[in-house]
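FYI, it's all coordinate maths here, none of it is from the lab. All values derive from a computational prediction rather than experimental measurement. Cβ sites come from the backbone with ideal geometry, for glycine too, and all protein chains shown count toward neighbours.
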Amino acid sequence: MLHDAYDTLTGWLFEHAIQPAMYALGLMDWAEDAFEWLDFALLGGLTILLSWIICRPLEAWRPVEPVTDRRAVRTDILYTVLSRLGVLPLLAFVMFASLAAWWEGTVADSGFVPPTLETLVPALRDHPLLAFAVYVVVLDFGEYWRHRFQHMFGPWWALHSVHHAQRQMTFWTDDRNHVLDEVIAALWLGGLALVIGVPPGQFPIILMILRVAESLSHANARLSFGRVGERLVVSPRFHRLHHGLLSAGAAGKNYAVLLPVWDWMFGTADFDRAAYPPTGDPEGPEALATGGWLRQQAVGLRRLVGAISGRG
C-alpha cells in the first residue's frame with residue numbers, strides 16, 4: 001500500500017510539475033532521466049524528514065551545548081537541501097547512469113561475468129534479508145576506509161576539513177561537505193555497490209539507512225548507547241569524539257559510519273577521551289567555520305590547490 005501511494009505521488013508530481021516545465025524549456029529528451037531523478041530526490045526528502053523526526057527531539061531533550069550560532073546551522077541546512085534535494089543528486093544520478101552504462105557495455109563486449117556477493121555466496125540468493133544485511137555491512141566497511149583516507153591524504157583532507165570546521169554541530173552537519181568531496185563519495189559508494197552487485201532497488205534504501213545513521217551521529221544530543229551498545233552502533237557520543245578538536249586531520253579517531261567494529265579492528269576506536277568535547281578544526285581558516293556556502297566552497301578549493309602544489 002505504501003509503495004502504491006509512493007508511486008502515485010511520484011507520477012502526480014512528474015505529470016503536473018516536472019513535465020510541463022521540461023516541455024516549456026524544450027528538454028523533453030531528458031524526460032525519462034528526470035523521472036528517475038525525481039524518485040531519487042523524493043527519497044532524499046524522506047531521508048531529511050526521518051532524520052528530523054528522530055534527531056530534533058533528541059537535540060531538544062538533552063543538547064550537548066546551546067545553539068549560539070544559528071547562521072552556521074542555517075548554512076548546514078542549505079548544504080543538506082543541496083545535497084539531498086537539489087543539484088548534487090542530479091549530478092550523482094547522471095554520473096552513475098553513465099558509469100553503469102559503460103560498465104554494462106564493457107562487460108557485455110568482453111563476455112566476462114563479474115562476480116558479485118550472491119555469485120560468490122549462492123546461499124544469499126535464498127535469504128534476501130540476509131543478503132541485504134551483508135550489503136549494508138560491506139558498504140559500511142567501504143565508508144570506513146573512505147572516511148579514514150579523507151584524513152590520511154593532504155589534498156583530500158583539504159576538502160574534508162570543510163566538514164570538520166563546524167563548531168556548532170547539529171544533525172544538519174552531516175551533509176556539510178565540499179562539492180568535490182561529495183562527488184568522490186558518490187563515486188566511491190556507488191562504484192562499490194556496482195562491483196558487489198547491490199540490486200538497484202535496494203541501493204536507495206541502504207543509502208537512506210546510512211544517511212539517517214550519520215545524521216543521528218552528528219546530533220547535538222548528549223546520547224550514548226551504553227558500554228555494550230556503544231560498541232555495536234555509532235552513537236552521537238562516539239562520533240562527537242571524532243569531531244573533537246584533538247581528532248582533526250591525521251590524528252582522527254572513530255571513523256565508522258554505522259558499525260564501530262571497523263574502528264576496533266583497525267585500532268582507531270576511542271572510548272576514553274572527554275565524552276562531549278568542543279568541535280572544529282583548530283588549524284582551519286575562520287572562513288570554513290563562519291563563512292557562507294559559497295565562501296566555504298571557494299576556500300576549500302583553494303586549500304586543495306595549495307595541498308596539491310605543496311603550498312598548503
Binning every alpha carbon pair distance of the chain at 20 Å from zero, what are the percents per bin? 30, 58, 13
Between helix 203-217 and the chain: long-axis angle, C-alpha atoms, 0 to 90°, nearest 10: 10
Could you go through region 293-303 in sequence order and give the Karplus-derived ³J(HN,Hα) for each residue, using 6.51 cos²θ - 1.76 cosθ + 1.60 with θ = phi - 60°, rounded to whole Hz, and x for Gly and Pro? 4, 4, 4, 5, 5, 5, 5, x, 5, 5, 5
In cubic angstrom per residue, the convex hull of region 121-236 built on its Cα atoms measures 127
Please report, to one decimal in angstroms, the Kirkwood hydrodynamic radius of region 252-300 built from all distinct Cα-Cα pairs. 13.3
Once a ≥ b ≥ c are taken as the square roots of the eigenvalues of the Cα gyration tensor of region 181-312, is the result rounded (a/c under 1.5), prolate (a/b larger than b/c) or oblate (a/b not larger than b/c)? oblate
Write down the radius of gyration of region 126-167 and its Dmax, each obtained from C-alpha positions, in Å. 15.1, 48
What number, rounded to the nearest 500 deg cm²/dmol, is the helix-based mean residue ellipticity at 222 nm of the chain, given -39500 (n - 2.57) per DSSP H run of at least four residues and division by all its residues? -20500 deg cm²/dmol
So for R0 = 30 Å, FRET eff. of Ile53-Trp145 from the Cβ-Cβ r, to 0.05, ends up at 0.45
Estimated inter-spin distance, Asp7 and Phe266, nm [label 7 Å along Cα→Cβ]: 4.1
